[in-house]
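For reference, the structure discussed in these notes is given below.
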Amino acid sequence: MAINAPEGTRDLLPAEAAFWTRFKATAQDVFGRCGYQLIETPVFEQTELFVRGIGEATDVVSKEMFTTISGENLKTLVSGGTVKAKSRLSLRPEGTAGVVRAVVQHDLVPQGAAPAKLMYAGPMFRAERPQKGRQRQFNQVGIECLGAEEPSVDAEGIIMLMRFYEAVGIPRASMRLLVNSMGCEKCRPAYREAVRDFICAHAADMCEECNRRAELNPLRAFDCKNEQCAAVMEQAPKITDHLCDDCREHYETVKSYLDAASVAYVEDPTLVRGLDYYTRTVFEVQVTEGMGSQNAIGGGGRYDKLAEEVGGRPTPGFGFALGYERCVLALEAAGVAFPALPGVDVFCACVDDEARAQAFALACELRDAGLVAELDHQHRSLKSQFKLANKLGAARVVVFGPDETAQGVATVRDMATHEERPVPLDALAQVLAKPQA
Ligand code: AMP
């Protein structure tokens, strides 16, 4: 039986792979203009990094990580032995922890330095239940800014993300930007308690999972998909009523920068996002129609304590990640198609096998000159070589054959105008290298 791609993964076939490449290039352009530079970190890290960085009680770490093991270590485990902590590895479920680890490891933000502005693009892995817009391997593009706690960093990031979506073709009117502040280590503990007490007081009306969350991670109850829980949580205490003065001022300033840039947003005091490391600003971008429940195309926030969690000195941070596959769904919902792949410049055809070497040599010469040249590799008839040239979108076809060779020429056909003319063999490369009139 044929083997298919694993559940929850997707092949990016050539038209889409070309789009993904352009998508990343657009991100590099838009984010690069704000000073962000590309970083590449490994797709797997020590499991401990995600446990400490993302938080043990999060769904991502407790249920969804793909933990990998080498063949050698697997044998050790099976025979009852133990493997060292540094050999416990997991595929990255998100990009922030790895980037922050790299910043700490390479001391990219020495004391007093300007913030490190980094961007990444690549696959992430989560063992979630696959559905439309939710995969087990998916691509994210993200940024991290480490070393500044100013609200201008947050606003700059949010604004450039919205510019990016527009640059790839997602209509602004189809997106909703939600913002909130999650407070800091000073004001959040009291708020957490208030939410925990609220859940305990309404325990009978809430699902088992939310009752469990009350102790471990009460704020996650805001994300519960159960309708009854959602209705109860509407009455829960709001973080905005519990922010300390510093957090309130930070939040107000972020919003004032967004206002100044005319970036519309909706304040959502129930937006808490799934990962433990967020402090202060959190935000999410949703697509309003055609995406069902997986409508978040990106989000992020501030994480001022994360660097310390992974063993670095205190280094405030801000970042976001956007989901490539969800953006593709958003583009589909908006009726935007992938751009066509660029066609072939010249198809080098031959009437018979004697002329094959001439067609082959010309294709090599044209490629060296920078053109996209194709030819037949299957002994097709001239007619079916023309069919293939058409399918490949060839702008011109050059035909080599006995009649042509006898006259020292090849026939050049313009596929758009159907015009044909003989061109001397020694002038072919030069004529074809010229852009078409
Ligand atoms: P997160 O890292 O959970 O904040 O997710 C950031 C973005 O990545 C989301 O807004 C989604 O667009 C995308 N994303 C997260 N999980 C998945 C998944 N399992 N499949 C596809 N896209 C995802």
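For segment 7-18, enumerate the residues that are within 16 Å of the ligand (Cβ to nearest atom) and either at positive phi or open to solvent by less than 90 Å² (accessible area, probe 1.4 Å) (or both).
Residues of segment 7-18 within 16 Å of the ligand (Cβ to nearest atom): 7-12, 16.
Those that are within 16 Å of the ligand (Cβ to nearest atom) and either at positive phi or open to solvent by less than 90 Å² (accessible area, probe 1.4 Å) (or both): GLY8, THR9, LEU12, GLU16.
I'm checking my understanding of the structure. Among residues of segment 208-243 that are open to solvent by 30 Å² or more (accessible area, probe 1.4 Å) and in a loop (DSSP other than H, G, I, E, B), which one is farthest from PRO269 (Cα to Cα)?
Residue satisfying both the conditions and the ranking: ASN226.
For segment 140-162, name all the residues that are β-branched (Val, Ile, Thr) and buried (at least 21 other Cβ atoms within 10 Å of the Cβ). Steps first, please.
Within segment 140-162, the subset β-branched (Val, Ile, Thr) is 141, 143, 153, 158-159.
Scanning segment 140-162 gives VAL141, ILE143, VAL153, ILE158.
Right, THR76: more than 16 Å from the ligand (Cβ to nearest atom) and of a type in the set (Ser, Thr, Tyr) or not?
Yes, satisfied.
Only residues in segment 331-359 that are touching a residue at least 12 places away in the same chain (Cβ under 8 Å) count as the first member; pair them with residues that are assigned to a helix (DSSP H, G or I) and of a type in the set (Lys, Arg), Cβ under 7 angstrom, at least 6 apart or cross-chain, and list the lot.
Pairs found: CYS350/ARG356.
Just checking, how many residues over segment 296-328 are more than 9 Å from the ligand (Cβ to nearest atom) and not in a strand (DSSP E or B)?
Residues in segment 296-328 being more than 9 Å from the ligand (Cβ to nearest atom) and not in a strand (DSSP E or B): 15 in total.
What are the pairs, 6+ residues apart or on separate chains, where a residue within segment 57-71 that is closer than 20 Å to GLU7 by Cα and in the same structural domain as ARG129 (by TED's automatic domain parsing) has its Cβ under 7 Å from a residue that is away from the ligand (no atom under 14 Å from the Cβ) and of a type in the set (Gly, Ala, Ser)?
These pairs meet every condition: MET65/SER90; PHE66/SER90; THR67/SER90; THR68/SER90.
Within segment 1-97, which helices (runs of 4 or more DSSP H) (wholly inside it) include 2 or more residues that are of a type outside the set (Val, Ile, Thr) and out of contact with any Asp or Glu (no Cβ under 7 Å at 6 or more places or on another chain)?
Values: elements: 14-32, 47-54, 59-62, 71-78.
Counting at least 2 such residues, we get 14-32, 47-54, 71-78.
Could you please let me know if VAL153 is among the hydrophobic types (A, V, I, L, M, F, W, C), in contact with a Cys (Cβ under 6 Å, 6 or more places away or on another chain) and away from the ligand (no atom under 16 Å from the Cβ)? So that I can check it myself, show each step before the final result.
Working: among the hydrophobic types (A, V, I, L, M, F, W, C): yes; in contact with a Cys (Cβ under 6 Å, 6 or more places away or on another chain): yes; away from the ligand (no atom under 16 Å from the Cβ): yes.
Yes, satisfied.
So, GLN378, is that one assigned by TED's automatic domain parsing to the domain that holds PRO402, touching a Ser or Thr at 6+ places or on another chain (Cβ under 8 Å) and more than 16 Å from the ligand (Cβ to nearest atom) or not? Don't jump to the end; show me each part of the working.
Numbers: assigned by TED's automatic domain parsing to the domain that holds PRO402: yes; touching a Ser or Thr at 6+ places or on another chain (Cβ under 8 Å): no; more than 16 Å from the ligand (Cβ to nearest atom): yes.
The answer is no for GLN378.
Would you be able to say whether some residue in segment 139-149 is under 17 Å from ARG302 (Cβ atoms), part of a helix (DSSP H, G or I) and among the charged types (D, E, K, R)? Steps first, please.
As a first pass, look at segment 139-149 and keep what is under 17 Å from ARG302 (Cβ atoms): 142-149.
Adding the requirement that they be part of a helix (DSSP H, G or I) leaves none.
Checked segment 139-149: no residue is under 17 Å from ARG302 (Cβ atoms), part of a helix (DSSP H, G or I) and among the charged types (D, E, K, R).
Among the listed residues ARG136, ARG126, ARG88, identify the single one that is surrounded by fewer than 23 Cβ atoms within 10 Å (Cβ to Cβ), near the ligand (Cβ under 9 Å from one of its atoms), within 16 Å of GLU45 (Cβ to Cβ) and in contact (Cβ under 8 Å) with a residue 12 or more places away in the chain.
Working: ARG136 fails: within 16 Å of GLU45 (Cβ to Cβ); ARG88 fails: near the ligand (Cβ under 9 Å from one of its atoms).
Exactly one of ARG136, ARG126, ARG88 is surrounded by fewer than 23 Cβ atoms within 10 Å (Cβ to Cβ), near the ligand (Cβ under 9 Å from one of its atoms), within 16 Å of GLU45 (Cβ to Cβ) and in contact (Cβ under 8 Å) with a residue 12 or more places away in the chain, namely ARG126.
Please indicate, with yes or no, whether at least one residue in segment 330-339 is within 16 Å of the ligand (Cβ to nearest atom), part of a loop (DSSP other than H, G, I, E, B) and open to solvent by 10 Å² or more (accessible area, probe 1.4 Å).
We begin by selecting, within segment 330-339, every residue within 16 Å of the ligand (Cβ to nearest atom); these are 330-334.
Remaining after also requiring part of a loop (DSSP other than H, G, I, E, B): 334.
Those still in the list that are open to solvent by 10 Å² or more (accessible area, probe 1.4 Å) too: 334.
Within segment 330-339 (the criterion being within 16 Å of the ligand (Cβ to nearest atom), part of a loop (DSSP other than H, G, I, E, B) and open to solvent by 10 Å² or more (accessible area, probe 1.4 Å)), the answer is yes, since at least one residue qualifies.
Among the listed residues THR279, THR253, THR270, which satisfies the condition of being more than 20 Å from LYS225 (Cβ to Cβ), modelled with pLDDT under 95 and surrounded by 13 or more Cβ atoms within 10 Å (Cβ to Cβ)? Walk me through it before giving the result.
Values: THR253 fails: modelled with pLDDT under 95; THR270 fails: more than 20 Å from LYS225 (Cβ to Cβ).
Criteria check complete, one pass: THR279.
What's the number of the condition LEU322 fails, among (1) over 30 Å from ARG10 (Cα atoms); (2) in contact (Cβ under 8 Å) with a residue 60 or more places away in the chain?
(1)
Taking the conditions exactly as written (open to solvent by 10 Å² or more (accessible area, probe 1.4 Å) and small (Gly, Ala, Ser)), does GLY311 satisfy them or not? Write out each step before concluding.
Details: open to solvent by 10 Å² or more (accessible area, probe 1.4 Å): yes; small (Gly, Ala, Ser): yes.
For GLY311, the condition - open to solvent by 10 Å² or more (accessible area, probe 1.4 Å) and small (Gly, Ala, Ser) - is met.
Do the conditions hold for GLN111, that is, is it farther than 28 Å from CYS327 by Cα, surrounded by fewer than 19 Cβ atoms within 10 Å (Cβ to Cβ), modelled with pLDDT of 95 or more and out of contact with any helix residue (DSSP H, G or I) (no Cβ under 8 Å at 6 or more places or on another chain)? Give the derivation first.
Details: farther than 28 Å from CYS327 by Cα: yes; surrounded by fewer than 19 Cβ atoms within 10 Å (Cβ to Cβ): yes; modelled with pLDDT of 95 or more: no; out of contact with any helix residue (DSSP H, G or I) (no Cβ under 8 Å at 6 or more places or on another chain): yes.
Judged against the criteria, GLN111 is not a match.
The values are calculated or read from the model by the stated rules, or taken from the named source; none is laboratory data. Fair warning: this is a prediction, and the values are worked out from it, not measured in the lab. When we count neighbours, we look across all protein chains shown, and the Cβ atoms used for this are built from the backbone with ideal geometry, even at glycine. Calculation scope for accessible area: heavy atoms of the full protein, side chains included, ligands and nucleic acids excluded. Shrake-Rupley method; radii C 1.70, N 1.55, O 1.52, S 1.80 Å.
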